[in-house]
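Read through the structure below, which is laid out as structure tokens, and then see the notes.
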Amino acid sequence: MKRFVAVFLVLMLTGWSAFANESAVAKELVPVRHYFEHAKFDNMKISPDGKHIAFTFQEDTEKKLAVMKLSNMAVTASFAFGENMHVVNFYWGNKTRVLMEVAEVTGNLVNMNGSPVNLYAANIDGTRRLELFRTGMSGYTILHLLPDQPDRILIGKRHYAEKNGMRAFTIDINRAKERYLDDQPQGVIAGLIADNSGDIRIGVEYIEGKTFDENKTVIHYKKNDSWQRLDLPSKRANPQVRPLGFSADNSLAYFSSNHDMAEGDVAGVFVYDFTTSEVSLIARHAYSDVGRAFHSHQGDVLAVSYMATNNEVEFINREHRDAKLLAGLQAAFPGQAVSITSFDRAGKTALFRVSSDRNPGEFYLYDTEQGQARYLASALGKLDNEQLQPMQQISFTARDGKVIRGLLTLPPEGNKNLPLIVNVHGGPFGPFDSWGFNNEVQFLASRGYAVLQINFRGSGGYGDDFQRAGRLQWGHAMQDDVTDGTLWAVEQGIADKERICIYGGSYGGYAALWGVIKEPDLYKCSVGYVGVYDMPLFFDGDGSDASRSRGIEQYISSHVGEGDDYMRSISPVHHVDKIKAELFIVHGSRDVRVPIVHANNLKKALDDIGKPYEWLVKEDGHGFFKVDHRVELFSQMAEFFDKHIGKAD
């Protein structure tokens with residue numbers, strides 16, 4: 001295990017000093033493996049008594065959890081759950097017991113939404129490991145850790161055969177015994193929210209309609225010991241409402257919503273006052289939805305981030321001591337994202353993470369009484385931040401007048417007439433490329449390529465209307481946005497129009513193939529990585545885990561399209577004769593999200609017309625997780641790009 005180094009950073013509230021990194025820039029190329037090895041430290045949280053740290057780390061196909069004693073940095077226990085099993089989240093149940101949420105992750109491009117997650121507890125010395133909840137016909141959500149009841153936590157439990165949705169229980173973290181709570185909202189409750197005291201105060205009811213757009217969301221809230229319905233004066237048929245948290249005294253509830261914008265929406269921050277029953281808008285960004293909320297050690301909301309920005313943060317309660325701490329840390333690490341992962345219960349010690357486009361992540365402890373920060377560890381210690389390239393926000397106007405945003409990363413030398421890689425994100429509906437460290441982008445930039453990431457319509461982060469604009473535009477306007485972004489880079493003089501390739505994974509793999517079909521003269525080469533290529537098969541059910549999801553047919557019909565003829569019209573497998581570009585097809589033989597039949601059907605179609613291509617299949621999942629497979633893939637990818645569009649001059 002990496003030796004911990006202690007570095008002290010004095011942060012005075014009256015004059016915060018900057019933390020300087022004096023490391024020299026290495027001239028030689030950074031080895032491929034340094035970019036794609038697993039994080040040595042993925043996340044860290046301090047115990048309620050401030051004496052231990054729990055942290056997750058990755059080994060081979062697993063993400064494990066370990067506990068370390070702060071006084072001597074000795075590991076007291078480590079927990080693993082088997083091949084492809086990841087500790088996807090963890091909590092301190094009390095000062096001697098950790099809670100671990102564990103799920104199977106079959107590739108590093110897998111979206112975990114809807115995946116079954118099991119809950120475990122164990123002592124910090126490794127003893128008394130116990131499964132608290134196994135997701136099957138029932139699922140759960142942790143609602144509150146109940147620090148005043150150290151042996152119990154509050155969960156929301158839903159049984160898929162029952163009609164009343166989620167119900168609240170407490171569960172004993174030593175014996176896995178549940179206890180039902182009587183006072184709960186009526187209706188088919190999709191989510192419950194507890195206040196800072198651990199009392200259920202809000203219920204979110206989900207009413208399923210005949211079509212995707214007829215689904216409704218209703219908010220229930222508890223006031224004066226009775227449940228009432230919150231009637232928002234909405235200008236939208238189905239507004240989005242997401243609770244963010246409460247004030248310290250639980251008299252205010254904060255939530256993000258777009259209910260007040262009839263069109264061109266972005267989610268703003270609203271506050272509901274339980275005393276006056278008034279709802280007020282208190283914050284909204286010009287183009288970005290609300291991201292995460294920052295909380296104090298007492299649980300109240302301090303600030304929010306805006307997800308589609310360079311980590312812009314807006315404070316809700318700037319006068320709180322912990323808000324001043326957060327603002328001071330931001331000033332001490334300018335241009336970086338600072339998040340406090342945890343406090344001890346007394347609020348005397350904070351554990352925080354610093355990251356940016358040029359920083360994969362560093363962890364520190366901060367003593368609020370002494371005003372000192374102590375360096376703990378780095379996620380990828382072999383990467384020097386000074387060797388990494390800045391990521392710029394860009395925007396352009398698409399052919400139909402819609403503003404499209406994205407990110408541009410340039411190589412270390414040169415900013416004009418560069419070879420360009422257009423890197424298309426997966427999803428496609430909801431995910432988006434965001435500012436921050438991206439190992440693929442940094443690797444390609446280090447090899448002399450400009451990298452353009454385009455958040456085409458349908459991407460998340462820019463409001464519900466922008467995401468809805470991608471519906472039924474798979475292969476059409478969504479692809480045109482990628483094309484228009486590529487042409488923008490040429491017009492700006494950034495890209496050499498004769499040296500452009502397109503690459504993506506999952507839906508991005510589809511877009512990489514469809515791009516060279518729809519625009520055969522624009523791209524010189526294409527890399528399709530675990531992509532969807534046979535659209536009729538995708539619509540009919542390709543055997544993937546997603547194809548067995550409830551409501552998937554309704555979702556595909558409303559978002560992608562329906563009918564064999566239509567699916568064939570946007571299917572790469574059925575239009576390979578239009579391809580002029582060089583191809584590199586990559587897939588995992590164990591991919592359960594996009595089964596390898598898609599790559600095999602594309603291979604057969606190419607073989608049938610005698611179109612050459614490069615081919616790489618590894619025994620891995622939806623996005624290679626094994627480090628050796630990643631190194632092999634990106635080494636070959638760099639050679640492929642060098643061969644067809646060359647490095648920057």
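Only residues that are open to solvent by less than 50 Å² (accessible area, probe 1.4 Å), at positive phi and modelled with pLDDT of 95 or more were counted in region 92-136, giving 1. Looking at Gly470, is it crowded, with 21+ Cβ neighbours inside 10 Å, part of a loop (DSSP other than H, G, I, E, B), out of contact with any Leu (no Cβ under 9 Å at 6 or more places or on another chain) and at positive phi? So Gly470 does not fit the description; no. Show me the strands (runs of 3 or more DSSP E) found entirely inside region 147-246 where at least 1 residues are out of contact with any Lys or Arg (no Cβ under 6 Å at 6 or more places or on another chain) and in contact (Cβ under 8 Å) with a residue 40 or more places away in the chain. Output list reads 152-159, 189-194, 200-207, 216-223, 226-230, 241-246.
With respect to the conditions (1) in contact (Cβ under 8 Å) with a residue 60 or more places away in the chain; (2) in contact with a strand residue (DSSP E or B) (Cβ under 9 Å, 6 or more places away or on another chain), Met68 falls short on a single one, namely (1). Evaluated against (1) closer than 18 Å to Ser305 by Cβ; (2) free of Cβ contacts under 8 Å to residues at least 40 places away in the same chain; (3) not aliphatic (A, V, I, L, M), Tyr462 falls short on exactly one condition, (2). Of the set (1) of a type in the set (Ser, Thr, Tyr); (2) under 29 Å from Ala495 (Cα atoms); (3) open to solvent by 50 Å² or more (accessible area, probe 1.4 Å), all apply to Ser635 but (3). For the criterion of being at pLDDT 95 or above, more than 19 Å from the chain's Cα centre (by Cα) and buried (at least 24 other Cβ atoms within 10 Å of the Cβ), Leu522 fails.
The residues listed here are Leu181, Leu154; of these, the one that is under 25 Å from Lys64 (Cα atoms) and either in contact with a Phe, Trp or Tyr (Cβ under 7 Å, 6 or more places away or on another chain) or open to solvent by less than 30 Å² (accessible area, probe 1.4 Å) (or both) is Leu154. The sole residue among Asp195, Asp199 that is among the acidic types (Asp, Glu) and in contact with a strand residue (DSSP E or B) (Cβ under 7 Å, 6 or more places away or on another chain) is Asp195.
Looking at region 282-362, the strands (runs of 3 or more DSSP E) lying wholly inside it that each contain 1 or more residues that are open to solvent by less than 30 Å² (accessible area, probe 1.4 Å) sit at 290-295, 301-306, 337-343, 349-356. Just so you know, in region 383-409 the residues that are assigned to a loop (DSSP other than H, G, I, E, B) and either open to solvent by 60 Å² or more (accessible area, probe 1.4 Å) or free of Cβ contacts under 8 Å to residues at least 60 places away in the same chain (or both) include one that is nearest to Phe36 (Cα to Cα), and it is Leu388.
Identify, please: which residue in region 613-648 is in contact with a Leu (Cβ under 8 Å, 6 or more places away or on another chain) and in a loop (DSSP other than H, G, I, E, B) and is, among those, farthest from Phe539 (Cα to Cα)? Restricting to residues being in contact with a Leu (Cβ under 8 Å, 6 or more places away or on another chain) and in a loop (DSSP other than H, G, I, E, B), the top hit is Ala648. Residue pairs whose Cβ atoms lie under 7 Å apart, separated by 6 or more positions or on different chains, with the first residue in region 344-356 and farther than 30 Å from Glu386 by Cα and the second among the aliphatic types (A, V, I, L, M), are Asp344/Ile46.
Yes or no, residue by residue, for (1) more than 16 Å from Tyr462 (Cβ to Cβ); (2) touching a strand residue (DSSP E or B) at 6+ places or on another chain (Cβ under 6 Å):
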residue	(1), (2)
Ala237	yes, no
Pro243	yes, yes
Ser247	yes, no
Tyr254	yes, yes
Ser257	no, yes
Ala262	yes, no
Ala267	no, yes
Thr276	yes, no
Ala283	yes, yes
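Residues that are of a type in the set (Asp, Glu), more than 14 Å from Ala605 (Cα to Cα) and open to solvent by 60 Å² or more (accessible area, probe 1.4 Å) within region 562-591 comprise Glu562, Asp564, Asp565, Glu582, listed in sequence order.
For region 364-382, enumerate the residues that are open to solvent by less than 10 Å² (accessible area, probe 1.4 Å), farther than 21 Å from Gly299 by Cα and assigned to a strand (DSSP E or B). Residues satisfying the conditions are Ala373, Leu376, Ala377.
Here's a check for you: in region 470-508, which residue that is touching a strand residue (DSSP E or B) at 6+ places or on another chain (Cβ under 6 Å) and of a type in the set (Ser, Thr, Tyr) is nearest to Val586 (Cα to Cα)? Once the filter is applied, the top-ranked residue is Tyr503.
The values are calculated or read from the model by the stated rules, or taken from the named source; none is laboratory data. Only a predicted model underlies this, so the values are computations on that prediction, with no experimental measurement involved. All Cβ positions, glycine included, derive from the backbone under ideal geometry; neighbour counts span all protein chains shown. In case anyone asks, the SASA skips ligands and DNA or RNA and just uses the protein heavy atoms, side chains included. Shrake-Rupley method; radii C 1.70, N 1.55, O 1.52, S 1.80 Å.
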